[in-house]
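J.: Structure below; questions to follow.
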Ligand code: FCB
């Protein structure tokens, strides 16, 4: 990386992007041979999605791909993070491939390359084929092998053109929210199942990496984790013990196997009979070296042994998700990962906020979101100044979309979407990001001069 580095400028090869995921934007949930995913099924359960909505239409990105590509290019990013929908390219999660689905992603990738934007692919952003769920989903070890086949199938079509492939997005969310609390698809409520799912996700990550490399894949390979610093509510022993355990379940449960080849023993002990079944050789596969580590950062988490932490009393600004705005937590997190683990270059693969976004005469004055992005980009720069090796930063999200159990009510986009007309409008934050990115290029030139 370049040694030229002053506060408002980043290295020449720094990756700047925006991120989305298939289920949240594509719509066309049964078009052109796509099979149902667990999220299509989950959305039909009464009461689980706040506004009763689903992904049938979403942002109609499947139909509006060209227009959206032009919009991404207009922002001036040099990378776009997206996911492929497994049931769109292989309806049942095994067996026949769906050419129309593969063609769609090929058009997307070629459209990005034609505009000089690096494609950052995520294979699993939560939308598992429903047919696989009917055989136990991620709790079934066989799904690990189905995922490796899926990864190889995507490599065969796109592997020579994508810059990067992440296996999974946020294994903690899929296992804990999908299988322990059950607030996300597939809506299972069992800690033992959740931990077995987490193990199978990690195992399939390592197996897919090995298979992709064996197949000659040249893309940069890694995984995306949702990580936060966990701070104790008070200095009491009980709160500190709680924070340590939560850190074990959120951070160390994923970082330790990836970089040291074992699960944290304090958490294994705590889980007791809910700890996952691990077969000989699994841990070696999971620690297969990665080219990058993706981190999604939104806020800190506060652990309390007593009454749950009340964000409204914290005195910090809070977003529409009731998440505290806490950019200093990002710097602290990156420094900690850099110190505790032999990490490859790290990327912020998601960062952003949901705010109230009224449209006023065709404009959205989201000063709160712009400030959020500025503060977090500064937090990344602060970590880099202290020696952390960062490869890039991506905003969540390109545009407003289906925010899972919150439906369409929570808006994370820097581009506003009117869901009745599908009109896209740059919010002020998008205009700011565009100008910021243009300035990065200018100061790079100034550095050279
Ligand atoms: C992350 C998800 C992403 C989006 C943001 C707000 O957990 O990866 O799809 O919903 O949260």
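J.: From the helices alone, meaning DSSP H stretches of at least four residues, give me the mean residue ellipticity at 222 nm for the chain, per-run term -39500 (n - 2.57), in deg cm²/dmol to the nearest 500. Intermediate values should be presented prior to the final figure.
T.: Details: 15 runs with 169 residues, N = 449.
One gets -11500 deg cm²/dmol as the mean residue ellipticity at 222 nm.
J.: At 0.36 nm per residue, and after removing the present C-alpha to C-alpha distance, how many nm does the segment from residue 288 to residue 310 gain when stretched out fully?
T.: 3.9 nm
J.: Tell me, what is the FRET efficiency for residue 45 and residue 441 to the nearest 0.05, using R0 = 35 angstrom and their Cβ-Cβ distance as r?
T.: 0.15
J.: Given a Förster distance of 41 Å, report the FRET efficiency between residue 405 and residue 363 from their Cβ-Cβ distance, rounded to the nearest 0.05. Walk me through the numbers on the way to the answer.
T.: Numbers: r = 30 Å, r/R0 = 0.72.
After rounding to 0.05, the efficiency reads 0.85.
J.: Quick one: 205, 376, 338, fewest Cβ neighbours within 10 Å first, how do they rank?
T.: On the way: 205 30, 376 24, 338 17.
Ordered from fewest to most neighbouring Cβ atoms within 10 Å, 205, 376, 338 come out as 338, 376, 205.
J.: Starting from the Cα-Cα distance between residue 13 and residue 32, subtract it from 0.36 nm times their residue separation and give me the gain in nm to one decimal.
T.: Working: separation 19, 0.36 × 19 = 6.84 nm, distance 3.83 nm.
Difference between extended and current length: 3.0 nm.
J.: For the stretch 7-50 and the stretch 53-124, write down the distance between their C-alpha centroids in whole Å.
T.: When both Cα centres are located, 10 Å separates them.
J.: Also, quick follow-up: Give, in whole angstrom and from largest to smallest, the semi-axes √(5λ) of the equivalent ellipsoid of the stretch 5-108, with λ running over the eigenvalues of the Cα gyration tensor.
T.: Gyration-tensor ellipsoid for the stretch 5-108: 30, 18, 13 Å.
J.: For the chain, what proportion of DSSP beta bridges, expressed in % and rounded to the nearest 5, is antiparallel?
T.: Details: 8 of 45 bridges.
Restricted to the chain, the bridges split so that about 20 percent are antiparallel.
J.: Once R0 is set to 25 Å, what does the formula 1/(1 + (r/R0)^6) return for the Cβ-Cβ distance between residue 99 and residue 341, expressed as a FRET efficiency to the nearest 0.05?
T.: Details: r = 41 Å, r/R0 = 1.65.
With R0 = 25 Å, the Cβ-Cβ based efficiency is 0.05.
J.: What distance in nm separates the simple spin-label points at residue 317 and residue 145, each placed 7 Å from Cα in the Cβ direction?
T.: For the pair residue 317/residue 145, the computed spacing is 5.2 nm.
J.: Most exposed first by the Cβ proxy, i.e. fewest other Cβ within 10 Å, how do 273, 365 rank?
T.: 273, 365
J.: Taking the simple approach of a point 7 Å from Cα along Cα-to-Cβ for both residue 389 and residue 374, what is their distance in nm?
T.: Each label point lies 7 Å from its Cα, and together they span 3.2 nm.
J.: Based on other C-beta atoms within 10 Å, arrange 355, 402 from fewest to most. List each step's numbers first, then the result.
T.: Numbers: 355 22, 402 26.
Listed from fewest to most nearby Cβ atoms, that is 355, 402.
J.: Place a point 7 Å from Cα of residue 272 in the direction of its Cβ. Which residues in the stretch 179-206 have their backbone N less than 15 Å from it?
T.: Once the point is set 7 Å along Cα→Cβ of residue 272, 191-192 turn out to lie under 15 Å by backbone N, inside the stretch 179-206.
J.: Using the C-alpha atoms of the chain, what convex hull volume per residue, in cubic angstrom, is computed?
T.: Expressed per residue, the convex hull around the Cα atoms of the chain is 143 Å³.
J.: Run the quick spin-label model on residue 328 and residue 134: label points 7 Å from Cα toward the beta carbon, then report their separation in nm to one decimal.
T.: 5.3
Each value in this text was obtained by applying a stated rule to the coordinates, not by laboratory testing. Computed from a predicted model, the values in this text were never measured in an experiment. All Cβ positions, even for glycine, are placed from backbone atoms using ideal geometry, and neighbour counts span all protein chains on display.
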